[in-house]
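Remarks on the structure that follows.
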Amino acid sequence: MNPTVALAIIGVVIVLTTAFGLFGVRKIRMSPQQFIVGGRSFGAVFLWLLMAGEVYTSFTFLGAAGWAYGKGAPAFYIICYLTLGCTIGLFVLPLVWRVARQHNLLTNADYFATCYQSRSLGVLAAVVGVVFLIPYITLQLTGIQILLRIAGYGSIDATVAAGLAFFLVVIFVFFGGLRGAAWASLIKDALVLAAVMFAGILLPIQFFGSPQNAIDQVMKLKPNWMTLVPGGGEFGTIWFVSTILLTGCGAFMWPHAIAATYSAKDEKSLRRNLAGLPFYQIMLLLMYFAGFSALILKPGLKGQEVDQSFMLVVQEHYPAWTLGLVGGAGCLAALIPAATQILAAASLISKNILSTRAVGAGEGNQTLLTRCLIVGVALLAFGLWIFEKATLVGLLLIAYSGITQLFPGVLFSLMRQRPSALSVVLGILVGIGLLVLFAAEGMTVLSGLNVGFVALLANAMTVLLFWRAGSRP
Amino acid sequence: MDDQRDADGGARPNAASLCVAAIPFCALVFGAFLANYSEPRIAGLPFFLAYLIFWVLTTPAFLWLANRLLERK
């Protein structure tokens with residue numbers, strides 16, 4: 001086995017894709033509107049690429065197979081929550097988009113500041129966004145490191161290589177902005193689609209005759225693998241239901257998902273997109289097949305190793321070039337979403353946390369400031385990653401629960417009689433306070449419910465309780 | 001601002017569209033309670049997975065219909 005072949009292919013794939021993305025935007029002048037939300041001009045195709053591109057990150061790629069391998073039926077939550085997210089989004093996001101269009105909003109924090117006429121709430125929403133985006137970005141780095149280590153057949157530790165790939169993408173988003181990311185998603189999606197079809201169809205057919213036979217073998221080995229434990233245990237039915245509701249509400253609360261929403265050129269493109277997006281979940285079904293196949297072919301992986309399961313099967317049974325292409329697709333699935341996440345975090349800081357007036361109102365200045373902050377956010381995420389690799393999976397669970405605390409504020413903003421800004425602030429603080437408490441206690445379920453869901457309910461109840469608090473009569 | 005938001009008569013959620021979208025939504029949410037079985041197998045898939053996949057893939061049809069109901073003035 002030759003490690004240089006697979007690694008070289010991954011390198012070429014990443015460089016070509018970023019070059020393609022930059023080529024796509026070579027003649028575009030980057031005003032803040034253009035840089036952060038693509039000039040609000042994306043039609044159905046671009047919007048599809050961007051939204052689907054953000055939803056399918058390396059953790060969908062590795063994690064869906066990993067959970068199918070390590071947990072079985074609880075993994076099915078991934079196909080459910082994105083579908084619920086699209087259904088909720090269909091009713092919520094067009095109204096958010098309309099406010100954004102009217103007031104030229106750039107970030108999700110802008111939306112809070114505008115709807116509730118409170119700059120402080122905007123700052124709080126921005127802080128929440130940045131704080132929970134950073135662990136998500138570091139997670140992508142872990143994904144890249146896993147892929148590069150496997151592609152190098154264990155000959156390199158891949159920390160440096162992952163860092164190099166990461167900073168290439170930082171340079172890419174520095175110049176390309178959101179539109180560059182949408183262009184790059186074109187290649188990324190094509191490669192990921194090919195890799196997923198290989199992993200979920202060709203691989204099971206080759207070893208078992210069909211994906212269904214792979215499932216038969218898993219069920220012979222573990223008869224209860226395809227159903228949930230009924231009731232309130234960890235990963236039981238109650239956990240499943242509360243988790244898909246929680247993450248369904250949170251799916252489009254991410255700052256980068258809101259930026260993608262703003263980039264729509266009209267409401268119709270946005271709504272049609274959300275209606276069609278669940279079709280994409282079929283890719284995840286294929287990743288389950290890949291995970292189940294890996295469970296038979298390479299049993300015995302434990303803990304965080306399960307995320308590597310299907311890549312290890314590819315490494316063992318296929319030539320280096322196949323490993324390189326699949327690994328390259330996986331790396332892109334980490335890098336392109338990381339690019340939009342870094343961009344969203346940087347725009348939150350430049351637009352909402354630092355006052356733009358401080359650096360002059362010029363549009364060029366704002367783009368420049370956002371670009372500088374891209375480098376800052378990337379360095380921060382990279383630093384965190386170097387020091388805190390071990391706790392990342394725990395961090396992601398908290399991050400998803402954390403970002404969802406913005407949902408009640410968005411939902412209540414759609415009502416004719418809105419709650420006061422103070423009540424929304426209190427709700428977010430109560431929700432996040434509870435999450436910190438649960439995390440400190442090491443709790444993930446409370447009488448069967450996902451603790452994030454409990455925090456979300458407490459958040460909404462707080463807003464209802466203090467509905468008029470602090471509002472002028 | 002509220003008036004401006006409602007004035008263009010665009011897609012404000014209405015009862016009909018919400019009901020249509022609620023069908024696959026509820027089917028998925030309560031799926032864990034209703035369909036948490038391995039048997040019968042459907043097209044080789046365990047029943048629970050087949051049930052979820054069925055509702056995920058029919059969701060676009062329901063959302064398309066909900067869209068039509070939203071767009072109708």
Heavy-atom accessible area of A:Met51, protein chains in place, probe 1.4 angstrom, given in Å² to nearest 10, is 10
Whole-percent carbon and sulfur contribution to the accessible surface of chain A (1.4 Å, no ligands, DNA or RNA) stands at 68
For peptide A:277-285, the mean count of other chain Cβ atoms within 10 Å per residue Cβ is 4
Given Cβ charges of +1 for Lys and Arg and -1 for Asp and Glu, the option among A:Tyr77, A:Phe23, A:Val160 whose Cα lies farthest towards the positive end of the dipole of chain A is A:Phe23
In the structure shown, of A:Lys220/A:Lys298; A:Lys222/A:Lys302; A:Lys188/A:Lys222; A:Lys268/A:Lys351, the pairs separated by more than 24 angstrom at the C-alpha atoms are A:Lys188/A:Lys222; A:Lys268/A:Lys351
When every protein chain stays in place and a 1.4 Å probe is rolled, A:Trp239, B:Trp55 sorted by accessible area with the largest first are B:Trp55, A:Trp239
Computed for B with A: buried accessible area summed over both chains, 1.4 Å probe, rounded to 100 Å², at 4000
Result for the protein assembly as shown: accessible area per residue, probe 1.4 angstrom, in square angstrom, of 37
Nearest 10, in degrees from 0 to 90: the angle of helix A:3-24 to the longest Cα principal axis of chain A is 30
Shielding of B:48-59 by other chains, given as the mean Cβ count within 10 Å, works out to 6
Of the candidates A:Gly402, A:Phe252, A:Gly300, the farthest towards the positive dipole end of the protein assembly as shown (Lys/Arg Cβ +1, Asp/Glu Cβ -1, centred on the Cα centre) is A:Phe252
Percent relative contact order for region A:1-142, counting Cα pairs under 8 Å at least six residues apart, stands at 14
Given unit charges at Cβ for Lys, Arg (+) and Asp, Glu (-), the dipole magnitude of the protein assembly as shown about its Cα centre in debye, nearest 20, is 1180
Tilt, helix A:282-297 to longest principal axis of chain A (alpha-carbon atoms), in degrees rounded to tens, equals 40
Taking Cα pairs closer than 8 Å and at least 6 residues apart, the relative contact order of chain A in percent is 31
Taking Cα pairs closer than 8 Å and at least 6 residues apart, the relative contact order of region A:131-232 in percent is 11
Summing -39500 (n - 2.57) over every DSSP H run of at least 4 residues in the protein assembly as shown and dividing by its residue count gives a helix-only mean residue ellipticity at 222 nm, to the nearest 500 deg cm²/dmol, of -24000 deg cm²/dmol
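The values are calculated or read from the model by the stated rules, or taken from the named source; none is laboratory data. The structure displayed is predicted, hence computed values, not measured ones. Positions of Cβ are generated from backbone atoms using ideal geometry, with glycine treated the same way; all protein chains shown enter the neighbour counts. Side chains are part of the model used for accessible areas, which takes the heavy atoms of the whole protein and leaves out ligands, DNA and RNA. Shrake-Rupley method; radii C 1.70, N 1.55, O 1.52, S 1.80 Å.
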